[in-house]
Amino acid sequence: MKRHIVIVIFLITLLLGLTACGVILGLTACGGNYLQEDQIDSVFEQDYVLIQDIAKYLLSLEEPYVGIDLKRNEVKSEFGEPMKFQSSEIEELVGELKEKGYYHIQKKENVVVFDVWRRRFNVEFESGFVYSVDGSGDLSAIQFLISQRPLSEESWYYYEVDFNEWRVKRNKTGDGSVS
């Protein structure tokens, strides 16, 4: 009998502990950016040469869309056709970004997007760096954009995407525009 009580108490304690951990992790991963502006700027400045070289390479390609999934080591064209890097040097640069935690790069319309951060419990949120090809700062090619701000280099921006927040803003304003 005592053994059963000990097991039940252990299971209840374990359940309460896991629930508390989930709440704590969930609160730190939701609402507001979990990185400070100076941290974001520091990462950008450290990686600028690397991402600039990759952006130049992608812009030199004739394809209107190129997506690079760093987790799966896949490069695809607009219609999902597999592609290969034309240069081993670029492949090495992309590998460096993968080691730094970047997870996706894409060229589309007038932007080159580097997805760097995701929230652990909010799969709809991501953020990173984007190069505006024409320098206008028009990032409308990025779906569910909720905020953007210029970075230290011309035509480069920090961006945030969050489907849920975008949907709420769109319902309030009627257009989903970023303010």
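The values are calculated or read from the model by the stated rules, or taken from the named source; none is laboratory data. Keep in mind that what you see is a predicted model, and the values were worked out from it rather than measured. Because the Cβ atoms are built from the backbone with ideal geometry, glycine has one as well, and the counts that use them run over all protein chains shown.
Miscellaneous remarks
- The test for being out of contact with any helix residue (DSSP H, G or I) (no Cβ under 8 Å at 6 or more places or on another chain), modelled with pLDDT under 85 and within 23 Å of SER42 (Cβ to Cβ) holds for GLY137.
- Total residues in region 140-179, condition in a loop (DSSP other than H, G, I, E, B), modelled with pLDDT of 85 or more and acidic (Asp, Glu): 2
- Among the residues listed as GLU63, GLU81, the single one being charged (D, E, K, R) and surrounded by 12 or more Cβ atoms within 10 Å (Cβ to Cβ): GLU63
Matching residues to (1) surrounded by 13 or more Cβ atoms within 10 Å (Cβ to Cβ); (2) within 16 Å of TYR57 (Cα to Cα); (3) within 17 Å of the chain's Cα centre (by Cα); (4) of a type in the set (Val, Ile, Thr):
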{"position": "VAL94", "(1), (2), (3), (4)": "yes, yes, yes, yes"}
{"position": "LEU97", "(1), (2), (3), (4)": "yes, yes, yes, no"}
{"position": "GLN106", "(1), (2), (3), (4)": "yes, yes, yes, no"}
{"position": "SER132", "(1), (2), (3), (4)": "yes, yes, yes, no"}
{"position": "PHE144", "(1), (2), (3), (4)": "yes, no, yes, no"}
{"position": "SER155", "(1), (2), (3), (4)": "yes, no, no, no"}
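- Filtered residue count, region 115-137, keeping only those that are in contact (Cβ under 8 Å) with a residue 12 or more places away in the chain and either of a type in the set (Lys, Arg) or under 23 Å from ARG167 (Cα atoms) (or both): 16
- Residue within region 67-85 that is at pLDDT 90 or above, in a loop (DSSP other than H, G, I, E, B) and out of contact with any Ser or Thr (no Cβ under 6 Å at 6 or more places or on another chain) present: no
- Subset tally (residues that are basic (Lys, Arg), at pLDDT 85 or above and not in a loop (DSSP other than H, G, I, E, B)) for region 86-118: 3
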